[in-house]
Amino acid sequence: MPRPQKSRLVNEPPVFTEFKPAGIGSRFIDTIILSIDEYEALRLADFEGMSHEQAAEEMQISRPTFTRLLDSAHAKVAQMLVQGKRLVIQGGNVDFRYSIVKCANCGQMFRIPFGQTLDACPNCGSTNLIYLGQPHGGRHGMHHRRGKGRGRRF
Ligand SMILES: [Zn+2]
């Protein structure tokens, strides 16, 4: 039996969660799932340029665990590029520091502490907001239509 995994701290949900090779019908393509913790390992090491020590600390995991995540992420991205697979980023045992809220009206995105909500888009005042990284556009939906305020500014 697999032992229960400690959750990994991820700064914020990925904004782009699906990639696929151009010019091929979707039904001919295999899908690779990159978990959100693997994505975060890739982001911290290869995009931000952090050392494995720093990045492991950032995600609150051990260095060997971080290295395993990064190795797995590298292997999946390499397969995607070489074999022309579709890559979907989802799942993993993760906690977020921040939520990304996208306004469905004007397209602006905002970063807010995880668990908090916006009353309205600070840019255009729309209450049609999407919380990335949460199923069904966010479980804070009940708060969206409360009042007609302009929302907090950041
Ligand atoms: Zn807006």
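The values are calculated or read from the model by the stated rules, or taken from the named source; none is laboratory data. Everything numeric in this text was worked out from a predicted model, so none of it was measured. Methodologically, a virtual Cβ is constructed for each residue, glycine included, from the backbone with ideal geometry; neighbour enumeration extends over all protein chains shown.
Taken over the range 91-104, the criterion of being of a type in the set (D, E, K, R) and within 14 Å of the ligand (Cβ to nearest atom) is satisfied by LYS102 alone. Counting only residues that are of a type outside the set (S, T, N, Q) and either within 12 Å of the ligand (Cβ to nearest atom) or modelled with pLDDT of 95 or more (or both), the range 120-135 holds 7 of them. Evaluating GLN54 against the criteria (1) within 16 Å of the ligand (Cβ to nearest atom); (2) over 24 Å from PHE19 (Cβ atoms) leaves one unmet condition, (1). Listed conditions (1) touching a Lys or Arg at 6+ places or on another chain (Cβ under 9 Å); (2) free of Cβ contacts under 8 Å to residues at least 60 places away in the same chain; (3) surrounded by 11 or more Cβ atoms within 10 Å (Cβ to Cβ) are all met by TYR39, apart from (1).
So for the range 105-112 (the condition being more than 16 Å from the ligand (Cβ to nearest atom), more than 20 Å from TYR39 (Cβ to Cβ) and loosely packed, with under 14 Cβ neighbours inside 10 Å), does at least one residue qualify? No, because not a single residue in the range 105-112 is more than 16 Å from the ligand (Cβ to nearest atom), more than 20 Å from TYR39 (Cβ to Cβ) and loosely packed, with under 14 Cβ neighbours inside 10 Å.
Against the definition (assigned to a loop (DSSP other than H, G, I, E, B) and free of Cβ contacts under 8 Å to residues at least 12 places away in the same chain), how does GLY23 come out, yes or no? In short, yes.
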